[in-house]
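J.: Take this structure, written in structure tokens, and hold onto it; I'll ask about it next.
The values are calculated or read from the model by the stated rules, or taken from the named source; none is laboratory data. Note that the structure is predicted; figures quoted are calculated from it, not measured. So basically every Cβ, Gly included, is an ideal-geometry build from the backbone, and we count neighbours across all protein chains shown.
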Amino acid sequence: MRTKPPPAWAQTAAARIRSQLGADAKIGLILGTGWGDAVKLEDEKHRRFSDFASIFQNLPTIPGHQRCVIYGRLSGVPVLGLAGRIHLNEAPADPDLPDMVRVQTAMLIEAGCQTLIVTSAVGSLTEDIKVGDVVLPYGLVTLFAPPMPLYAGEFVSPEDAIDRETLQQVFYRCRQTETHGDGWNLPLRVTRGNHAMLRGPFFEGRRCDKALLAKCGADVVGMSLLPELCVAALYPGVKVIPLTFVTNTASEEHSHEENQARAREKAEALGDLVSHTVRLVSGLPEETGADAADGPGDGNGSGDDNDPDDGALASW
């Protein structure tokens with residue numbers, strides 16, 4: 001039986017992060033496949049995970065995942081982040097792996113982050129969601145997920161850690177561009193959906209697995225996000241803003257290299273999306289001058305009375 005890691009692991013790592021990087025941030029970033037190339041911090045400082053906790057000493061190397069803690073400013077806002085998260089599929093036989101996954105998120109929170117923007121690459125499960133779309137997960141399918149980095153008595157609801165209010169505002173601001181030529185002006189199609197996690201690292205089967213996940217209500221599938229939500233749910237008041245980028249369809253042959261390449265093609269737009277979201281969370285005024293805080297159908301550009309999606313927005 002695994003023993004619950006002492007809180008001191010994350011607390012000690014957080015103290016070292018503050019000391020070595022001078023970190024003082026309320027917003028944390030967890031950058032998944034492709035997103036690390038998209039986000040460029042001002043005055044960035046970075047150190048390897050292993051500089052902050054001995055549990056990270058034997059991390060495996062995966063292309064596209066730097067394994068660095070980064071600190072700097074994004075659109076003038078201090079942010080602390082992970083460039084290259086640890087996944088639950090990396091070394092399933094390693095008894096320390098769940099604790100590594102847990103501590104990487106917990107140390108950001110212990111360092112002072114109250115909002116986590118968690119990014120990842122996902123695959124589409126429906127014809128409506130295309131490669132290049134950004135999906136904002138507002139619901140979870142957890143039935144097929146691997147065991148989470150939680151322990152006896154930690155009864156949490158990961159779905160409740162999702163910051164739906166901010167996701168809704170991100171959605172409105174992106175849709176302003178589509179419906180009224182206003183808003184964040186990002187060359188991205190942003191939609192919402194339900195997220196399913198599978199452990200991997202093998203991709204789910206196209207013939208049966210994807211159809212089953214879709215029947216269970218999932219719109220996209222990935223190999224992360226749920227662990228970060230579970231850990232965040234242990235901390236009252238901490239909220240997660242999940243942003244996922246669709247790198248493959250439900251029917252095509254999958255390739256990690258191709259997924260990375262597709263994310264790099266949209267790197268500038270993805271970086272802008274994260275920057276705008278950071279400004280939104282921090283309360284800074286919008287650079288576009290758009291009045292995006294109003295709801296759909298109010299005449300200020302957030303929605304359209306004839307838009308079929310507007311009727312569903314009340315269920316966020």
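J.: Filter region 79-96 down to the residues that are assigned to a loop (DSSP other than H, G, I, E, B) and among the hydrophobic types (A, V, I, L, M, F, W, C), then identify the one that is surrounded by the most Cβ atoms within 10 Å (Cβ to Cβ).
T.: Step by step, filter region 79-96, then rank; the result is Ile86.
J.: Can you work out which of the residues in region 209-248 that are out of contact with any Asp or Glu (no Cβ under 9 Å at 6 or more places or on another chain) and among the small types (Gly, Ala, Ser) is farthest from Leu88 (Cα to Cα)?
T.: That would be Gly237.
J.: Look at region 132-170 and say how many of its residues are among the aliphatic types (A, V, I, L, M), in a strand (DSSP E or B) and touching a Pro at 6+ places or on another chain (Cβ under 8 Å).
T.: 3
J.: Still on this structure, please answer the following. Residues that are at pLDDT 50 or above, at negative phi and either of a type in the set (A, V, I, L, M) or in contact with a Ser or Thr (Cβ under 7 Å, 6 or more places away or on another chain) (or both): does region 290-297 have at least one? Give the steps one after another, and end with the answer.
T.: Of all residues in region 290-297, those at pLDDT 50 or above come to none.
The answer is no, given that none of the residues of region 290-297 is at pLDDT 50 or above, at negative phi and either of a type in the set (A, V, I, L, M) or in contact with a Ser or Thr (Cβ under 7 Å, 6 or more places away or on another chain) (or both).
J.: Which of the residues spanning region 113-130 are touching a helix residue (DSSP H, G or I) at 6+ places or on another chain (Cβ under 7 Å) and over 29 Å from Ala23 (Cβ atoms)?
T.: Across region 113-130, the qualifying residues are Leu125, Thr126.
J.: Pairs needed: first member in region 66-91, acidic (Asp, Glu); second member anywhere, in a loop (DSSP other than H, G, I, E, B) and surrounded by fewer than 24 Cβ atoms within 10 Å (Cβ to Cβ); C-beta distance under 6 Å; at least 6 residues apart or different chains.
T.: Listed by first residue and then by second, the contacts come to Glu90/Pro60.
J.: Further question: Just for region 26-60: of the residues that are under 30 Å from Gly132 (Cα atoms) and small (Gly, Ala, Ser), which one is modelled with the lowest pLDDT?
T.: Gly34
J.: Any idea which residue in region 97-123 is surrounded by the fewest Cβ atoms within 10 Å (Cβ to Cβ), counting only those that are part of a strand (DSSP E or B), touching a Gly at 6+ places or on another chain (Cβ under 6 Å) and not β-branched (Val, Ile, Thr)?
T.: Looking only at region 97-123, we keep the residues that are part of a strand (DSSP E or B), and these are 115-123.
Narrowing further to those that are touching a Gly at 6+ places or on another chain (Cβ under 6 Å): 116, 119-122.
Among the residues that remain, those that are also not β-branched (Val, Ile, Thr) are: 116, 120-121.
Working: Leu116: 27, Ser120: 26, Ala121: 23.
Across region 97-123, the extreme among qualifying residues is Ala121.
J.: Exactly one condition in (1) crowded, with 16+ Cβ neighbours inside 10 Å; (2) at pLDDT 95 or above is not met by Glu165; state its number.
T.: Glu165 satisfies every listed condition except (1).
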